[in-house]
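Report on one structure; see the data block that follows.
The values are calculated or read from the model by the stated rules, or taken from the named source; none is laboratory data. It should be emphasised that the depicted structure is a prediction, and the values quoted were computed from it without experimental measurement. As a convention, Cβ positions derive from the backbone with ideal geometry for all residues, glycine included, and neighbour counts pool all protein chains shown. Ligands, DNA and RNA are stripped out before the accessible areas are found, and what is left, the full protein with its side chains, is counted by its heavy atoms. Shrake-Rupley method; radii C 1.70, N 1.55, O 1.52, S 1.80 Å.
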Amino acid sequence: MDVLCFASRKGGSGKSTLAAHLSAHATRPNRRCLLVDADSQGSLTLWHKLRGTGEPALKNGSRGVAEAVEAARAEGYDWVFIDTPPDMSTVVREAIQAATLVIVPTRLAVFDLAAIKETIDLSRHLRKPYAVVINAAPARRDNTESPFVTQARQMISSLNVPVWSGQITNRANYALSLASGEGVREFEAQSQAATEIGRLWLAIDRSVKAIHGAYRSGGVMHRVAA
Ligand SMILES: Nc1ncnc2c1ncn2[C@@H]1O[C@H](COP(=O)(O)OP(=O)(O)OP(=O)(O)O)[C@@H](O)[C@H]1O
Ligand SMILES: [Mg+2]
């Protein structure tokens, strides 16, 4: 079983958005996924209610993540997606501790980049692989990323922090689909948002395989800029 923890002390960076879309994307009959909502704000719980399908399954983890993850292991889940609150509380620490890979979403504002540092330091301290994902970025034009994204990427890499080579663009679809209880692929399969989530999932899957030593070639987001 593999565990993804979405963490960042910065509010509104995209933790719940990425956890919801990736879990909806990853869920298959032969890939059992579980969401753990460890944030008492309950964003994922609300999405899950709107969704109404029960897939992926959801557990509340706001009073303790380790227990929820252990129960998931016993129940035979393949992947667990943990959404965490925007702070450095015990619950976040427990979620990072339980993770195979920590995903740290960040928007581009300077303040956000400063705010990921504590989350990264905690992941390092707990010896957990982590990667930053640039979220809500300006759209690529003519297949070229915005200079703001390039600059942020360079800045993050210069701190020796792994950052995904792709981006999640600022798109209304990300919010609209969640409001109707869906992931972007279910909402609009051919959309650019669905393509971005698909690419991010592939990069995460590759990284997790590399963490287990099963995949040794390049393109691994938690070690290098994939
Ligand atoms: N790529 C995106 N494009 C458009 N809107 C986005 C994108 N990512 C996030 N948002 C919007 O930004 C807001 C904050 O996102 P989200 O709730 O996922 O952040 P969060 O990190 O979980 O916040 P919190 O720390 O409060 O839990 C939401 O209204 C969401 O719809
Ligand atoms: Mg949230």
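Miscellaneous remarks
- Residue count for segment 133-168 satisfying the condition of being touching a strand residue (DSSP E or B) at 6+ places or on another chain (Cβ under 9 Å), over 19 Å from I197 (Cβ atoms) and among the hydrophobic types (A, V, I, L, M, F, W, C): 4.
- Residue in segment 161-174 that is touching a His at 6+ places or on another chain (Cβ under 8 Å), within 16 Å of ligand 1 (Cβ to nearest atom), open to solvent by less than 70 Å² (accessible area, probe 1.4 Å) and modelled with pLDDT of 95 or more present: yes
- Residue within segment 128-139 that is open to solvent by 10 Å² or more (accessible area, probe 1.4 Å) and farther than 22 Å from P85 by Cα present: yes
- Filter result (among the hydroxyl-bearing types (S, T, Y), more than 18 Å from L200 (Cβ to Cβ) and in a loop (DSSP other than H, G, I, E, B)) within segment 147-189: S180
- If only residues of segment 6-56 that are of a type in the set (A, V, I, L, M) and within 10 Å of ligand 1 (Cβ to nearest atom) are counted, the one that is nearest to T195 (Cα to Cα) is L18.
- Matching option when the condition is over 17 Å from I168 (Cβ atoms) and within 16 Å of ligand 2 (Cβ to nearest atom), among R28, R9: R9
- Matching residues in segment 102-152 - criterion: being polar (S, T, N, Q) and either touching a residue at least 40 places away in the same chain (Cβ under 8 Å) or within 30 Å of W79 (Cα to Cα) (or both): T106, T119, S123, N135
- Considering N170, N135, the condition of being over 27 Å from R93 (Cα atoms) and either away from ligand 2 (no atom under 16 Å from the Cβ) or not hydrophobic (A, V, I, L, M, F, W, C) (or both) is satisfied by N170 alone.
- Taking segment 49-97 as the range and being within 16 Å of ligand 2 (Cβ to nearest atom), among the acidic types (D, E) and under 23 Å from K209 (Cα atoms) as the test, only D83 passes.
- Restricting the first member to segment 21-48 and to residues that are under 15 Å from M1 (Cα atoms), and the second to residues that are open to solvent by less than 10 Å² (accessible area, probe 1.4 Å) and in a loop (DSSP other than H, G, I, E, B), the beta-carbon pairs closer than 7 Å and six or more apart or on different chains are S23/P56; T27/P56; C33/P56; L34/P56; L35/P56; V36/G61.
- T195 passes every criterion in (1) under 14 Å from A24 (Cβ atoms); (2) hydroxyl-bearing (S, T, Y); (3) more than 10 Å from ligand 1 (Cβ to nearest atom) apart from (1).
- Every residue from segment 35-58 that is more than 11 Å from D83 (Cα to Cα) and charged (D, E, K, R): K49, R51, E55
- Out of A136, A115, one residue alone is touching a Ser or Thr at 6+ places or on another chain (Cβ under 8 Å) and at positive phi. It is A136.
- At least 1 residues being of a type in the set (F, W, Y) and surrounded by 19 or more Cβ atoms within 10 Å (Cβ to Cβ) is the threshold, and among the helices (runs of 4 or more DSSP H) wholly inside segment 1-115 those reaching it are 43-51.
- Residue in segment 139-146 that is modelled with pLDDT of 95 or more and closer than 30 Å to L50 by Cα present: yes
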